[in-house]
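The values are calculated or read from the model by the stated rules, or taken from the named source; none is laboratory data. Everything numeric in this text was worked out from a predicted model, so none of it was measured. So basically every Cβ, Gly included, is an ideal-geometry build from the backbone, and we count neighbours across all protein chains shown. Just so you know, the surface numbers come from the protein's heavy atoms only, side chains and all, with ligands and any DNA or RNA stripped out. Shrake-Rupley method; radii C 1.70, N 1.55, O 1.52, S 1.80 Å.
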Amino acid sequence: IPGLLLLTCNACALALLLGMLCARFRDIPPIVGSVMQLAFFLSPVLWKPELLGPGRAWLPLNPFFAVMETIRGPLVEGGAPLLVWVSALLYTAAAAAVALAFFIRFRGRIAFWV
């Protein structure tokens, strides 16, 4: 449940930020689609993290892995490492801060962008 709450907060913040950016700049939606496809292949969704060997230590730097592991870890392995939780919380806090800052700055102009 904590992982789902973290994912919900992260998704809401990124939806707010990307919604504003995509409304303002018409080139952003295809870029977001390409980045999401690339992130899908770079995150351990189709492959196991153990295949990286010593490179597995760099996985918490991938925000998609960190948030995904907070949900997958307790279901599969019985828990996620503390480093993964800390990195997921930091990514979520950063996304929420940037989204809130953009929304406060541009909320009066959003209606004109749409």
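Can you send over the solvent-accessible area of Glu77, 1.4 Å probe, protein chains only, in Å² to the nearest 10?
90 Å²
Could you tell me the extents of the chain's C-alpha atoms along the three principal axes, largest first, rounded to whole Å?
If we take the Cα atoms of the chain, the spans are 49, 27, 20 Å.
Which whole-number percent is the relative contact order of the chain (Cα, under 8 Å, 6+ apart)? Mind showing how you got there, number by number?
Numbers: 76 pairs, mean separation 48.9, N = 114.
RCO, the chain: 43 percent.
May I ask for the distance between the Cα centers of the range 51-114 and the range 1-50, given as a whole number of Å?
Cα centroid to Cα centroid, the span is 9 Å.
So which chymotrypsin sites (Phe, Trp or Tyr not before Pro) in the range 5-87 pass both tests, a DSSP loop state and at most 12 other Cβ atoms within 10 Å of the Cβ? Please list the in-between numbers first.
On the way: sites: Phe25, Phe40, Phe41, Trp47, Trp58, Phe64, Phe65, Trp85; in loops: Phe25, Trp47.
The qualifying sites are Phe25, Trp47.
What are the semi-axes of the equivalent ellipsoid for the range 54-95, taken as the square roots of 5 times the Cα gyration tensor eigenvalues, largest first, in whole Å?
With the √(5λ) rule applied to the range 54-95, the semi-axes are 16, 13, 8 Å.
Once amide H atoms are built 1.01 Å from N in the peptide plane, which residues 5 or more positions from Ala80, or in another chain, come under 5 Å H to H?
none
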